[in-house]
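Here's the structure we're looking at; comments come further down.
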Amino acid sequence: MLFNSLEFLLLFVPLCVCSFYILARFSQKAALLNLVFFSLVFYSVWNPYYLALLVSSISVNYILGGLLQKHQSKLLLAFAVTANLGSIAYFKYLDFLIGTSNSLFETEWTLQHVILPLGISFFTFQQISYVIECYRGEIKDRDFKSYALFVSFFPQLIAGPIVRFQEISHQFLDKTFGQVNWTKILLGLIIFSIGLSKKVFLADDIAAQATPIFAKADAGETLTFLEAWFGSISYSFQIYFDFSAYSDMAIGLGLMLGLTLPVNFLSPYKATNIIDFWRTWHITLSRFLRDYLYFPLGGNRDGKFRRYTNLMIVMLLGGLWHGASWNFVIWGGIHGAYLMINHGVRLVSAKRGKPFISNAVINVALTFICVTLAWVFFRAETLDGALHMAYVMITPPDWEQFSAKMILLPKLAYLLLPCAVVTWLMPNSIQIMEALEKRIQQPEQFNLKIPTALAAFGFSMCVYFIFAGVYSEFIYFQF
Amino acid sequence: MSKEIAESKKNTVLFIGIVAFMLITLIVISELFLRLVVAPSDNFYKQLNFYHSVENVDIAAFGDSRMSQGFYPEDGSRVVNLAYASENFEQIAQKIDYFLQTKHADKIILQVGHHMFADYRFDDDRRDYSVFFSPEQPWRKQLHLQDPELRGQLLNYWQLFFLAGFKIPNQSSFSDNGAVLLDMEMTIPPTEDQFYYRKERIAEHILKDGFESRETWDILRKTIQRIKAENVPLCLVSFPVTAFYSEPVYELEHTVSAFKKIEELAAEEKVPYLMYWDYYEDEPTYFRNLDHLNKTGAREFANDLIDDCGF
C-alpha cells in the first residue's frame, strides 16, 4: 500500500488512527497490538507471502537480541549480523553477484530473479542496530510487542526513517501512549499534508521532465549539454521531494498516533559543502553508517589515511545499500571522493586561516552541482547511459549549438522554478513544524486557522489529483 | 482542557471539515463537468450512443482506431462503423456478442492486426464493456466518474477546458455512420516528430515472447465462430498503413508470425482475410499519420473494402 493511494489516505489511516485511540481508552497493550496488526496488514497488501519473511525476521532477531543481552557473545553477534546481512544478500544482491561473476569470470550461473521484499534494507538495518545494542547492553526493557512494532511500524517500515529501538520503544511504554494529544494530531495532519503535497505537486511533476531524458541516455541516444543538465537537475529535485515527502508523511503519521520519529532531512540542498549535505540528507542512514560501520572501522582515530579509507569504504557500501548495481557503487564512490576532497580543503583552509570561497550562495551552488552530477549515476539504469550523460555535462558545449538552444532556457527555468523556490527560499518541514509547535503553545497570540486551512486545502487537492489518476511510487521503495 | 489543547482540537476538526467539504464539492463538480461538458464531446460516448441507436444494418464494422478512423461508408448507406480506438479483442468480442444478442447485421467486417496483441492493450484500467454495451446499459445509472478512462483523464480535461476558453475542443468529427474522421494529412517527407512517433509506436506494439499463447487468440477464434453460428458472413481485414511504418515493422520477427497466425486462423475458420497493409503505399495523402487513414482515405477505402469482401 502506498502513502499516496486513495485506500491508504481515505480508509487505512482513518481506520488505524480511530481504532488506535478507541482501544487505548481500554488498554495500552491492545492499542499497541492494534498498530502491529495494521502495520502487518499494510505490509501484506504488497505481497502476503513476504509477510512470513517479515514476521520470522522479527521473531528470530528478538530471540537473538535476548540471547545477546544475556551472553554478550561476539560469536553470536557475528552470527546475528551475518544472518541479517545474508538475508539482504540473498534477496537483494544474489542476481547482482551472479551477473558480476558471469561477466568477470565467464561463469554461466542462471539469474534467480528473486523478488525483492519491500523495505528489506530498512527493516533489516533497524534489526541489526537492535542486536548490536542488545550486545552492548544498551537495551534495558525488552518486550516482544514493542519490538514487533518498532520493526513493523507502518509509517517507517518501507522507506525509513531508520529508527533505533531506544528512540521509539520508550514512547510505546510511556503512560501517555495512546492518550489523545490534539496538538500532535494537528501537527501530524499538517506535516503529512506538506509531505503529500511535495510528492504530488512537485516530485511527480518534475519526474515527468527527468524520466524521458534519462530514458534517452539509457537508450544510447545523444544528449545535448542543456538536456543533460536539465534532466539531472530535474532528478535532483525529484528525488529530494520524493524522499523527503515520504519522510514528512512518516513523521506526520507518527505524530497522528502520538509518536515522534527521527528527522530524516534538513534542507540538504542548502548545504554549503558535501560534509553538511550528508548531515542533512537521509540523516538516519548516515547515522546508522557512522555508528555501525565508520566507527567500528576506526573512524578518524588512526590517522588521515585510515580516516579517508574508512570514509570511502562507508560511502561505497552506502551506495551499494541503495541497490544491486555498479551505478550505485560508483555514486557512493563519487561521494566518498567528494568527502575526502571536502575534508582536505577544510584542513588547508584551516591552515590558511580563511576559506577558499566565503560566499555562501556560491558554496551552495557548487555543492548542488556536485550532488547533481553524482545523481546521474544513481538514476541512470545503465552504466553507459550514466557515463554518456556525465560526460556531456562536464564537456564544454559546442557554442553554436548551445546558443541556438538558448531560447529554451527561460522555459526550462520556468519548469524548475517551483522546485527551486521551495528548496532554497522556503523553510523545510521540520522548521515549519517547530514554528507551528511554538505558535500552538501561545494560542492567545497566534491563530492557526490559516495554516490549518492551507494544509487541508493541499491535502484535499492531492487526494483529488490522485483520484483523477496521478499516482506513482516513491523512489525509495525500491531500496 | 487547556486553551492550547482546545485550540488544537478545534483546528483538527476544522482540518477534517475542510477536507470533507472540499472532497464532496470536487466530486460533485467533477461529475457535472464530465456529464455535461466532457461526455457530449467525447468520441467514446458518441460511439456508445450511436451503438445503442443502431438496430438492423447491412454491414457492421468492428475494430480499433484504424477501423474507427479509416472506414467511412457513404452517407445514407446501412453500413455502420462500430469501432473505437484502442479496444482490445476482449472488448471487441464482448461488443460483438451484445450486438448479436439484440441487433442484426447482414454482414460483419472485423479488423485484425498484430498490434492488437500488444501488452498495453491488456492494461487493468480498461472500460468494462458489460457496463457500457450490454442491452441493460448499466452505465446510464452510474456516475461518469466511475468510467476509469474519463476519470484518469480528468485533470487533462480540466486543463483543456480552461485553455480552450471553457469548452472541450475536438479535432475530429463524428460521422452519421459512426466513423471518427480527421481531415489532417501526414507530412511528407516525415518530420522529426514523426520519426519519434514511429519509434514509440513500434516499440509499444512489439510483441513479447509467448504472444502466440495469449488467451486473445482463443477469444478471436470464438468470436469468429460466434458470428458464423449466427450465419452472418464475416470478413477479416488488416488496415492500410504507410510504408514509413510498415517497412521497419516487417523486420520484426513476431509481427510476421502474428500475421501468419491470423492467416492460418482465417483459413481454418474458412473466412476471408484481406491484408491491406501496403494497399496505399503510394498514396501518403490518404493518411493522417503513419498508421491511420484520414477522412479522404477512409471514404476511398470503405468503398474498396466493401467490394473486396465480396459479401
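The values are calculated or read from the model by the stated rules, or taken from the named source; none is laboratory data. Treat the numbers as computed from the prediction; the structure is a model and nothing was measured. Reconstructed Cβ throughout: ideal geometry from the backbone, glycine too, with neighbour counts over all protein chains shown. Note: accessible area is taken over every heavy atom of the protein model, side chains too, but ligands, DNA and RNA are not part of it. Shrake-Rupley method; radii C 1.70, N 1.55, O 1.52, S 1.80 Å.
The residues listed here are B:Asp119, B:Asp125; of these, the one that is within 14 Å of another protein chain (Cβ to nearest Cβ), open to solvent by 50 Å² or more (accessible area, probe 1.4 Å), at pLDDT below 90 and more than 26 Å from B:Leu234 (Cα to Cα) is B:Asp125. Among the residues making up the range A:299-329, those that are more than 16 Å from A:Leu289 (Cα to Cα) and over 19 Å from the mean Cα position of the chain (by Cα) are A:Arg301, A:Asp302, A:Gly303, A:Lys304, A:Phe305, A:Arg306, A:Trp326. Here A:Val263 passes the criteria (1) in contact with a Pro (Cβ under 9 Å, 6 or more places away or on another chain); (2) in contact (Cβ under 8 Å) with a residue 40 or more places away in the chain; (3) part of a helix (DSSP H, G or I) except the one numbered (3).
Exactly one condition in (1) assigned to a helix (DSSP H, G or I); (2) open to solvent by 50 Å² or more (accessible area, probe 1.4 Å); (3) without any contact (Cβ under 8 Å) to a residue 60 or more places away in the chain; (4) touching a helix residue (DSSP H, G or I) at 6+ places or on another chain (Cβ under 7 Å) is false for A:Phe356; which is it? Every listed condition holds for A:Phe356 apart from (1).
Pairing each residue of the range B:126-148 that is farther than 16 Å from B:Phe62 by Cβ with any residue that is of a type in the set (Lys, Arg) and surrounded by 12 or more Cβ atoms within 10 Å (Cβ to Cβ), provided the two are 6+ apart or on different chains, yields C-beta distances under 6 Å for B:His144/B:Arg35; B:Leu145/B:Arg151. State whether the residues of the range A:69-85 include one that is surrounded by 14 or more Cβ atoms within 10 Å (Cβ to Cβ), within 22 Å of the chain's Cα centre (by Cα) and within 30 Å of A:Phe8 (Cβ to Cβ). Yes; the residues of the range A:69-85 include at least one that is surrounded by 14 or more Cβ atoms within 10 Å (Cβ to Cβ), within 22 Å of the chain's Cα centre (by Cα) and within 30 Å of A:Phe8 (Cβ to Cβ).
Being buried (at least 16 other Cβ atoms within 10 Å of the Cβ), out of contact with any Gly (no Cβ under 8 Å at 6 or more places or on another chain) and away from every other protein chain (no Cβ under 14 Å) holds for only one residue in B:Leu26, B:Leu48, and it is B:Leu48. Those residues that are among the β-branched types (Val, Ile, Thr) and in contact with a helix residue (DSSP H, G or I) (Cβ under 6 Å, 6 or more places away or on another chain), I need them from the range A:169-214; list them, please. Those that are among the β-branched types (Val, Ile, Thr) and in contact with a helix residue (DSSP H, G or I) (Cβ under 6 Å, 6 or more places away or on another chain): A:Val180, A:Thr183, A:Ile185, A:Ile190, A:Ile191, A:Ile194, A:Val200, A:Ile206, A:Ile213.
Taking the listed residues A:Gln112, A:Gln179, the one that is within 14 Å of chain B (Cβ to nearest Cβ), open to solvent by 50 Å² or more (accessible area, probe 1.4 Å) and either part of a helix (DSSP H, G or I) or among the polar types (S, T, N, Q) (or both) is A:Gln179, with no other qualifying.
Listed here are the residues, each with its yes/no results for (1) more than 30 Å from B:Val256 (Cβ to Cβ); (2) touching a strand residue (DSSP E or B) at 6+ places or on another chain (Cβ under 7 Å); (3) of a type in the set (Asp, Glu).
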{"site": "B:Tyr157", "(1), (2), (3)": "yes, no, no"}
{"site": "B:Ala164", "(1), (2), (3)": "yes, no, no"}
{"site": "B:Lys167", "(1), (2), (3)": "yes, no, no"}
{"site": "B:Leu182", "(1), (2), (3)": "no, yes, no"}
{"site": "B:Pro189", "(1), (2), (3)": "no, no, no"}
{"site": "B:Glu200", "(1), (2), (3)": "no, no, yes"}
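Any residue that is of a type in the set (Ser, Thr, Tyr), open to solvent by 40 Å² or more (accessible area, probe 1.4 Å), under 18 Å from B:Glu253 (Cα atoms) and assigned to a helix (DSSP H, G or I) - is there at least one of those in the range B:207-230? Yes; the residues of the range B:207-230 include at least one that is of a type in the set (Ser, Thr, Tyr), open to solvent by 40 Å² or more (accessible area, probe 1.4 Å), under 18 Å from B:Glu253 (Cα atoms) and assigned to a helix (DSSP H, G or I).
Hey, could you check the range B:171-205 for residues that are open to solvent by 60 Å² or more (accessible area, probe 1.4 Å) and in a loop (DSSP other than H, G, I, E, B) and say which is modelled with the highest pLDDT? Filtering first and then ranking leaves B:Asp176. Taken over the range B:158-170, the residue count meeting the criterion of being open to solvent by 100 Å² or more (accessible area, probe 1.4 Å) and in contact (Cβ under 8 Å) with a residue 40 or more places away in the chain is 1.
Those helices (runs of 4 or more DSSP H) of the range A:381-477 in which 1 or more residues are within 14 Å of chain B (Cβ to nearest Cβ) and of a type outside the set (Phe, Trp, Tyr) occupy A:429-440, A:449-467. Filtered by the rule that a residue be open to solvent by 10 Å² or more (accessible area, probe 1.4 Å), at pLDDT 90 or above and in a loop (DSSP other than H, G, I, E, B), the range B:79-102 gives B:Tyr84, B:Ala85.
Among the residues of the range A:364-416, the one identified as surrounded by 15 or more Cβ atoms within 10 Å (Cβ to Cβ), polar (S, T, N, Q) and over 22 Å from A:Tyr338 (Cα atoms) is A:Thr382.
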